[in-house]
Every structure is written in structure tokens, then in C-alpha cells.
1. Just to verify a result, which residue in segment 227-261, among those that are crowded, with 16+ Cβ neighbours inside 10 Å, touching a residue at least 60 places away in the same chain (Cβ under 8 Å) and not aliphatic (A, V, I, L, M), is farthest from Q150 (Cα to Cα)?
2. Do the conditions hold for D37, that is, is it modelled with pLDDT under 95, of a type outside the set (S, T, N, Q), over 20 Å from the mean Cα position of the chain (by Cα) and under 30 Å from Y164 (Cα atoms)?
3. I'd like to know if segment 291-298 contains one or more residues that are in contact with a His (Cβ under 7 Å, 6 or more places away or on another chain) and buried (at least 19 other Cβ atoms within 10 Å of the Cβ).
4. Considering N180, N224, which residue is at pLDDT below 95 and over 26 Å from L286 (Cα atoms)?
5. How many of the residues making up segment 66-93 are loosely packed, with under 15 Cβ neighbours inside 10 Å and in contact with a Gly (Cβ under 7 Å, 6 or more places away or on another chain)?
6. Out of curiosity, is L236 touching a Pro at 6+ places or on another chain (Cβ under 7 Å) and either at pLDDT below 95 or among the polar types (S, T, N, Q) (or both)?
7. Say whether the condition of being of a type in the set (S, T, N, Q) and either closer than 16 Å to K182 by Cβ or within 19 Å of the chain's Cα centre (by Cα) (or both) is met by at least one residue in segment 115-123.
8. Given the structure, is I216 touching a residue at least 60 places away in the same chain (Cβ under 8 Å) and either within 19 Å of the chain's Cα centre (by Cα) or buried (at least 22 other Cβ atoms within 10 Å of the Cβ) (or both)?
Amino acid sequence: MSSKKRYNSLDNYFKNTFGEKIYKVSLDGGFTCPNRDGTLSTKGCIFCSESGSGDFAGSRRLSITEQIEEQLKLIENKFPSGKVIAYFQNFTNTYGDVEYLRKIYYEALSHPRVIGLAIATRPDCLGDNIIELLNEINNKYFLWIELGLQTINEKVAKIINRQYPLKTYEEAAEKLKKYNIKFVTHIIVGLPGEEEDDPLNTAVYSEKCGTWGIKIHLLHIIKNTELEKFYKENELKIQKKEEYVKKVVKILQNISYNIVIHRLTGDGNKETLAAPLWSLNKRDVLNSIEKEMKAENIYQGGTKF
């Protein structure tokens, strides 16, 4: 099985599904979040940036079509003509009037290079009318939904101000599975108050709930966020690269190879990142993960095939 990739990457999935490389273009749909607008809280999750964790998305001053064109220009040298996924990334992208959602989703899908949508949201923002719209789109286009679970440790969830219980994620997962809508679960490694195996347990739990994919993030401490303030006030230690790598490899070893791995580390913005600074070298982090897997003969789902 030497020809088999050590983990089932999104790039690998795209090539097997579409027969070609696919890129994502990140869009700003003009949303906010119930955890910011006062519905649940005004502070948001403590790790979230001012841009709603969408630092590389298009500008909300532009239309969806204009944003797609702008994002395509950024990748035209390496990807001049291929197909893309329109990724509604920052804030909560189902938090709005369903007709507005319909308008912007279909505007993105009308672009000739867009083959599908990825929509990041909260599990508590998937009402029945939203699910109906997503089901409609899913029946005609390629679609996945991203859910920001982050952790199954409820004490940690309170520290990060997630503002919804675990049961809400489970209910959202059941709704999406009912209509065969693929969903991806976000997991953060290194959260304050985290137990050693919390990231692993979160990944295993999300697989049991039916997640199609997983996004693993390291905890980025962004300047001028509640998280930076929390770390300074509590004098908490910064996660080391070696610790992060071992936790990620442990996750991969213990989840099925069928789970699509959308991310193994984060993209830090050097202008706003306070720590850990080693995470700015994304290629080095990915190489370290692959090196660790090779050294221990570890594949996603086990140690060998």
C-alpha cells in the first residue's frame, strides 16, 4: 500500500471526484454572528478575529461576482482556468434572511468557474427553512457545510465563549445527514483548559456524528482579541510545534480513512498573529506532520494497510 497517501486530503478527494485540481475562493457574504450582535453575546468566540476568522476572504464592499473575480486574479498565475469552490468563510454564513441567502448562494453558483459551495456556519443557525434551501442546492450542485465545533469539552467551550451546547451540534448533524448534506467539523488543538486527549476525542466524536470531513486548526492567538487578553492575564504557555504535531498525528491515526482532511494547520496572518510564531511557516508544520507519520509508519485510520 505504499502508493496510498498517508491521509485523505481534500486535494486528494477533489482529484478522485472531479479528476482535476480544484481551488477554493473565499468570499464575504456580509454576515455577522449571533455571538457578536448581542443575540447570544457581543464578544464572539475568544479566538475569532475582527474579520470573523476570514482574513483572506474577499471584500464585502464588492458583490459576490466581483469578489470571485478578485479572488481568481490572485491565483491566475498558478490556476488560470480551472474550476473552484465558492467558500462563504467569515462570520456565520447562514445567519440571515433565507431569500438573501438564496440570492448570494445562487449568484456564486452562476459564475462559470464555480462548481459548488462551501458554507461556514454555527450549528445553531440551521433552521428548517435554511435546511430546505441547502437541500435544494445540494440536489443540484456540490455542497458542504462547515460547523465550528472546536471541542467537546463543555468547560473549554465556556472558556472560549462558544455559546451553544454539544447537543446543538448533534441536532445540526442529524438535520444535515437527513438530507445527505456533507458537513465538515472544525477542531482547534491547544485551547485554554484543554485536556491532553480533547482534540482526539472531539475528532472521534464528530466521526460518530457523521462528519464527512475535518478541519484541524492550531490555536492562533490574534492580536487585540479576547484570547490574547486571556493569555496575558493568565500567563498561559504557548503551544510548541512538537506538541501540536503529535496531537494531529494521533487524531489522524484514530479516525477512518474515509474522513476527508480539509486542513492540518492554520494560515496565520503575520500582521495580526501574536503567537505561536512558528505557525507562520505552514510548510514546515505540514512537513513535520508527514515526517512524524512516516517515522512511525502511521496512516489515517491506523498504522498500516
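The values are calculated or read from the model by the stated rules, or taken from the named source; none is laboratory data. Since the model is a prediction, treat every value here as computed from it, not as a measurement. A quick note on method: Cβ atoms are made from the backbone with ideal geometry, for glycine too, and the neighbour counts reach across all protein chains shown.
1. Ranking the qualifying residues of segment 227-261, first place goes to Y257.
2. Judged against the criteria, D37 is a match.
3. Among the residues of segment 291-298, not one is in contact with a His (Cβ under 7 Å, 6 or more places away or on another chain) and buried (at least 19 other Cβ atoms within 10 Å of the Cβ), which makes the answer no.
4. Only one candidate passes the filter, namely N224.
5. So the count comes out to 1.
6. Judged against the criteria, L236 is a match.
7. Yes, there is a match, as at least one residue in segment 115-123 is of a type in the set (S, T, N, Q) and either closer than 16 Å to K182 by Cβ or within 19 Å of the chain's Cα centre (by Cα) (or both).
8. In short, no.
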